[in-house]
Amino acid sequence: MPGPEVLLYGLPLAFLAGFIDAVAGGGGTITLPTLFFMGLSPAQVVATNKLLAIFGSGSATVQYWRKGHVDRPLVLRLIPLALLGSAVGASLVRFVNPDAFRTLVGVVILGVGALVLANKSFGLEDRYPGLTARTLALALPGTFIIGMYDGFLGPGTGTFAMFLFALAGFNLVRASGNARTLNFATNLGAFLFFLIGGQMVWWIGLPMGLANALGAALGARMAMLRGSAFVKWMYGLIVLLVSARLFLS
């Protein structure tokens, strides 16, 4: 078991991960390798990461929610589907090797990033039409699939969710707010599941969670202050980061 000195680098990295995740998703690409480097077992890494993730995603959700950047009627309808999808995805891990899909998902997320960045107007204006049949036809199955991916593999879940909400017509700031809220629900569901297993390293997860929450609060405020153009630039950076982790893991 590592000593308390690991927090000397764990806390600033958790803060950075919270900031990045609140803007464009992908914070787990920083926190998971950090926890591995600390010497935790794989089971402890996954469980402890969910502990600190609920702090960060919860903090970002509060910021976006308070400023009206979360479409509550839509997101509250999607949360049960995301939780169901996450449970289904977690059950599939026993039957399918996730490693076989890492390269494929890396290619897909690179393609998504290229599409977002190549279209100069994508996500910069809010064109959400409301709870139309088209919106629900896109968001309901899309959320279930993203939930399955979160339970099955995980990296880039928030980034995929942002893309889904941007396709539905939200600008990238509101897409980020919706995605963070959805991600908080899936993180909370996973946290409760891992809590039963007793693998969480609380003395690492709690302080890193607080640092993650502070970073997330700052990231959410920065995204709302700087607008969709800033979020779009960060989105491209996170796509590269998530893809690198999928290709190299």
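The values are calculated or read from the model by the stated rules, or taken from the named source; none is laboratory data. Everything numeric in this text was worked out from a predicted model, so none of it was measured. Don't worry about glycine lacking a Cβ; one is built from the backbone with ideal geometry, like all the others, and counts go over all protein chains shown. Surface areas here come from the heavy atoms of the whole protein model, side chains and all, with no ligands, DNA or RNA. Shrake-Rupley method; radii C 1.70, N 1.55, O 1.52, S 1.80 Å.
Descriptive notes on the structure:
- Within the range 1-41, considering residues that are polar (S, T, N, Q) and under 22 Å from the mean Cα position of the chain (by Cα), the one surrounded by the most Cβ atoms within 10 Å (Cβ to Cβ): Thr31
- Which numbered condition Arg221 fails, given (1) closer than 18 Å to Gly123 by Cβ; (2) open to solvent by 20 Å² or more (accessible area, probe 1.4 Å): (1)
- Candidates Leu74, Leu131, Leu110, Leu83 - the one that is farther than 20 Å from Leu188 by Cβ, out of contact with any Lys or Arg (no Cβ under 7 Å at 6 or more places or on another chain), aliphatic (A, V, I, L, M) and not in a loop (DSSP other than H, G, I, E, B): Leu110
- Of the residues Phe144, Phe170, Phe152, the single one that is of a type in the set (Phe, Trp, Tyr), open to solvent by 10 Å² or more (accessible area, probe 1.4 Å) and at pLDDT 90 or above is Phe144.
- Applying the condition of being open to solvent by 70 Å² or more (accessible area, probe 1.4 Å) and in a helix (DSSP H, G or I) to the range 86-107 and asking which residue is modelled with the highest pLDDT yields Val107.
- Leu40, sole failed condition from (1) touching a residue at least 24 places away in the same chain (Cβ under 8 Å); (2) in a helix (DSSP H, G or I): (2)
- Selection status of Val45, over 17 Å from Thr157 (Cα atoms) and part of a helix (DSSP H, G or I): yes
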